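To start, I am sharing the structure in question, which I have written as structure tokens.
Nothing in this text is a laboratory measurement; each read-out follows from the coordinates by a stated rule. Worth saying up front: this structure is predicted, and the values here are computed from it rather than measured. Backbone-built Cβ (ideal geometry, glycine too); neighbour counts: all protein chains shown.
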Amino acid sequence: MSQKIKIGVVGCAGRMGQILIGSILDQDKAQLSGGTERQDSPHMGQAIRHPVTGIETGLMVTDDAEALFKNSDAVLDFTCPTATVRHSSFAATHGTAHIIGTTGMTADEEAALEKAAKSVAVVYASNFSLGVNLLFYLTRQAARLLDEDFDIEILEMHHRHKVDAPSGTALGLGKEAAKGRQVDLDHVSDRGRDGVTGERQRGHIGFAVLRGGNVAGEHTVSFNGDDERIELTHKAGDRAIFARGAVKAALWAAVQGAGLYDMCDVLGLPRV
Ligand code: NAD
């Protein structure tokens, strides 16, 4: 039997972290290499268990991210931007594939990931589900085919604990729509409308955000013409879809050369 791929999880006690632990333990080709948390986490030193069955793994939560990167083939990172940037230097130093789901990165923080990707495989995706990556593709195609007579609006809803807005996925959908129209999203994006905003500008891409309950993630891209509207919607029923995609990305990235990849690369989806 071929050797299992050793996968670690930074931020292993987080909402996504716990589900990622379960997905690794459920995957035959993978072996959990450990989990870390921030230094002041109440989970520090606790046993890492399967989140559903409660079965113990024999591993403890530590704060030694560098050791985890050193002892893993791939590390899954759904934490926060400052932590992810710090982790990316460990990935580069130890040649460990880095699978990044963290959202809300600034351009400077993304530049740090690009730097690390010169020496190691980095998969950075605002959304790891198959369905949303298909939605990225469909959004790009629809934006390419429908001209500016169709106003593009992107609506997203997430649980009450989410800290960044619009979601990384909503911004990703905006980027795909802009690509389809061959424009730069930064020049056409309308975010945070409030008060007397003036009329909507032709060709702009608008964002709207809802927060509440325990919604795992819902995104709609609407193309609004005169007297007709096309809506493309994805609804995540459970965060497990992101975790399964991230583990799939880790198995894939562990045998790739250096580079910055996304889920289109992992899933083999077309880019045009
Ligand atoms: P969360 O707050 O529940 O979990 C984050 C965890 O990271 C926490 O346990 C926190 O203690 C830990 N952490 C913070 N700093 C750390 C450090 N230096 N070292 C180790 N651990 C550290 O949040 P969440 O809902 O799990 O989401 C985490 C991130 O993943 C967010 O940015 C979210 O938007 C993103 N996310 C992405 C996808 C995707 O498919 N790309 C899906 C869901 C969530």
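Let me know the charge dipole size of the chain about its Cα centre in debye, to the nearest 20, where only the beta-carbon of Lys, Arg (+1) and Asp, Glu (-1) is charged. Write out the running numbers ahead of the final one.
On the way: 28 positive and 35 negative charges, 160 e Å.
About 760 debye.
Same structure again: Please compute, over every Cα-Cα pair in region 46-109, the percentage with a separation greater than 15 angstrom.
57 percent
Turning to a different aspect of this structure: Taking the Cα centre of region 8-135 as origin, sum charge times position over the Cβ atoms of Lys and Arg (+1) and Asp and Glu (-1), and report the length of that vector in debye to the nearest 20. It would help to have the intermediate numbers written out before the result.
Working: 8 positive and 14 negative charges, 25 e Å.
Charge dipole, region 8-135, about its Cα centre: 120 debye, nearest 20.
If you take every DSSP beta bridge fully contained in region 140-272, what fraction is antiparallel? Give it as a percent rounded to 5.
Details: 15 of 24 bridges.
Beta bridges within region 140-272, antiparallel portion: roughly 60 percent.
Run the paramagnetic zone check for LEU59: 7 angstrom along Cα to Cβ, then residues of region 227-258 with backbone nitrogen under 18 Å.
Answer for this model: 243-255.
Give me the extension gain from SER222 to ASP184: residue separation times 0.36 nm, minus the current Cα-Cα distance, reported in nm with one decimal. Walk me through the numbers on the way to the answer.
Values: separation 38, 0.36 × 38 = 13.68 nm, distance 1.88 nm.
Computed gain between SER222 and ASP184 is 11.8 nm.
What's the percent breakdown of Cα-Cα distances in region 191-272 across 5 Å bins, shortest bin first?
Histogram of Cα-Cα distances, whole percents per bin: 3, 9, 14, 14, 17, 15, 13, 9, 5, 2, 0.
Would you mind telling me which residue in ALA178, ALA47, ALA117 has the biggest mean-square fluctuation in a Gaussian network model of the chain, where springs connect alpha carbons within a distance under 10 angstrom?
Result for the chain, Cα springs under 10 Å: ALA47 fluctuates most.
What FRET efficiency comes out for LYS118 versus VAL272 if R0 is 41 angstrom and r is the Cβ-Cβ distance? Round to the nearest 0.05. Before the final figure, lay out each step's value.
Working: r = 26 Å, r/R0 = 0.64.
Rounded to the nearest 0.05, the efficiency is 0.95.
OK, next. To the nearest 0.05, what FRET efficiency results for ASP147 and ASP28 with a Förster distance of 35 Å applied to their C-beta separation?
Plugging the Cβ-Cβ distance into 1/(1 + (r/R0)^6) gives 0.10.
Where does helix 168-181 land angle-wise versus the long Cα axis of the chain, in degrees 0 to 90, nearest 10?
Value to nearest ten degrees: 50.
Work out, step by step, the length gained on full extension between SER2 and LEU138: first 0.36 nm times the residue separation, then minus their alpha carbon distance; give nm to one decimal. Display every interim value, and only then the final one.
On the way: separation 136, 0.36 × 136 = 48.96 nm, distance 3.73 nm.
Between SER2 and LEU138, full extension yields an extra 45.2 nm.
Moving on. Place a +1 charge on the Cβ of each Lys and Arg in region 130-236 and a -1 charge on the Cβ of each Asp and Glu, then give the dipole magnitude about the Cα centre in debye, rounded to the nearest 20.
On the way: 14 positive and 18 negative charges, 109 e Å.
My answer is approximately 520 debye.
Looking at the chain as a GNM with Cα springs under 10 Å, which of VAL52, VAL188, VAL221 has the largest mean-square fluctuation?
Comparing VAL52, VAL188, VAL221 in the GNM, the peak value goes to VAL52.
Then there's this: For region 1-37, run through the trypsin sites (Lys or Arg not before Pro) and keep only the ones in DSSP coil with at most 11 other Cβ atoms within 10 Å of their Cβ. Mind showing how you got there, number by number?
Details: sites: LYS4, LYS6, ARG15, LYS29; in loops: LYS4, LYS29.
Sparse-neighbourhood loop trypsin sites (Lys or Arg not before Pro): none present.
Using Cβ counts within 10 Å as a stand-in for footprinting exposure, how do GLU37, GLU110 rank, fewest first? If you can, show how the numbers build up before the last one.
Working: GLU37 23, GLU110 15.
Listed from fewest to most nearby Cβ atoms, that is GLU110, GLU37.
What angle, in degrees between 0 and 90 and rounded to the nearest 10, separates the Cα long axis of helix 240-253 from the longest principal axis of the Cα atoms of the chain?
70 degrees
Sticking with this one: Measure up LYS175/LYS235; LYS70/LYS175; LYS115/LYS248; LYS29/LYS175 against 29 Å on the Cα-Cα distance and list the ones that go over.
Working: LYS175/LYS235 19 Å; LYS70/LYS175 35 Å; LYS115/LYS248 23 Å; LYS29/LYS175 34 Å.
Distance filter (> 29 Å) returns LYS70/LYS175; LYS29/LYS175.
Right, another one. How many nm is it between the label spots at ARG160 and LYS70, if each spot is 7 Å from the Cα in line with the beta carbon?
4.3 nm
Starting from the Cα-Cα distance between MET44 and VAL196, subtract it from 0.36 nm times their residue separation and give me the gain in nm to one decimal. Walk me through the intermediate numbers first.
On the way: separation 152, 0.36 × 152 = 54.72 nm, distance 4.92 nm.
Full extension of this stretch gives 49.8 nm more.
Against the longest principal axis of the chain, how steep is helix 81-94, in degrees 0 to 90 to the nearest 10, with axes from Cα atoms?
50 degrees
Between region 131-178 and region 62-86, what is the separation of their alpha carbon centroids in Å?
Between the Cα centres of region 131-178 and region 62-86 lies a distance of 29 Å.
Let me ask you something else. If I build a Gaussian network model for the chain, linking alpha-carbon pairs within less than 10 angstrom, which residue out of LEU134, LEU68, LEU20 has the largest mean-square fluctuation?
LEU134
Moving on. Could you state, as a whole-number percent, how many of the C-alpha pairs of region 119-179 are farther apart than 15 Å?
57 percent
Same structure again: Tell me, what are the semi-axes, in whole angstrom and largest first, of the equivalent ellipsoid of the chain as set by the roots of 5 times the Cα gyration tensor eigenvalues? Display every interim value, and only then the final one.
On the way: eigenvalues 246, 73, 58 Å².
Square roots of five times the eigenvalues give 35, 19, 17 Å.
With unit charges on the beta carbon (Lys/Arg positive, Asp/Glu negative), name the residue among VAL85, THR62, LEU155 whose Cα is farthest towards the positive pole of the charge dipole of the chain.
Value computed over the given set: THR62.
Convex hull volume of the Cα atoms in region 1-95, per residue, in Å³?
Working: hull volume 8.6 nm³, N = 95.
So the per-residue Cα hull volume is 90 Å³.
Something else now. May I ask you to give the average projected area over all directions of the convex hull of the Cα atoms of region 130-236, in nm² rounded to one decimal? Mind showing how you got there, number by number?
Numbers: hull surface 27.9 nm².
Directional mean of the projected Cα hull area for region 130-236 stands at 7.0 nm².
I would also like to ask the following. Looking at the chain only, what percent of DSSP beta bridges run antiparallel? Nearest 5 please.
Values: 17 of 48 bridges.
So the antiparallel bridges in the chain amount to around 35 percent.
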